[in-house]
Amino acid sequence: MPEVDTSSAPDSGRFWNEIGETCTEQHPDTLWRAHRDAVYAALVTCWLPAARLRRVLKTDLFDEAVAEGIYPVVHGRAGSIVGFDVSRRVTIAACRHYQRSKASSRCETTSLRRLRV
């Protein structure tokens, strides 16, 4: 399973943990999710360069936690994917989707404000 680092998750992740719990266990709005995934996948396909990328950073893993999200498109265009979200539950659910493929993936629970650049 991909690594999940929860050491720097802010307290604001509690809200998204609750939302993530509801959405990953009850799967509401599956038709809407499928539509969103298709729209975003089409956009990302246009935006990503034709050449295969070494690594892609995916922020906000909610779509990948509750459905496929843009993961299939990114997986096909990148050697590895690094994803992060403020919610531990959302991060773990997204990592479960990521582990279905053989792509090198890493998931972290953090806030963009806490990343060191």
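Only one of T6, T59 is of a type in the set (S, T, N, Q), closer than 18 Å to Y98 by Cβ and at pLDDT below 80; which? Talk me through it step by step, then tell me what you get.
Working: T59 fails: at pLDDT below 80.
Answer to the check: T6.
Residues considered: A51, A38. Of these, the only one that is free of Cβ contacts under 8 Å to residues at least 60 places away in the same chain, outside any loop (DSSP other than H, G, I, E, B) and either touching a strand residue (DSSP E or B) at 6+ places or on another chain (Cβ under 6 Å) or of a type outside the set (V, I, T) (or both) is A38.
A count restricted to segment 81-105 and to residues that are surrounded by fewer than 18 Cβ atoms within 10 Å (Cβ to Cβ), farther than 18 Å from G20 by Cβ and modelled with pLDDT of 75 or more stands at 1. Under the condition of being among the small types (G, A, S) and buried (at least 17 other Cβ atoms within 10 Å of the Cβ), the residues counted in segment 42-74 number 3.
Please state which one of A67, A78 is closer than 19 Å to E18 by Cα and modelled with pLDDT of 75 or more.
The unique qualifying residue is A67.
When the test is whether a residue is part of a helix (DSSP H, G or I), at pLDDT below 85 and under 19 Å from S105 (Cβ atoms), G20 passes it.
Applying the set (1) over 15 Å from the mean Cα position of the chain (by Cα); (2) modelled with pLDDT of 90 or more to Y40 leaves exactly one unmet item: (1).
The values are calculated or read from the model by the stated rules, or taken from the named source; none is laboratory data. Please read these numbers as outputs of a predicted model, since none were measured by experiment. Backbone-built Cβ (ideal geometry, glycine too); neighbour counts: all protein chains shown.
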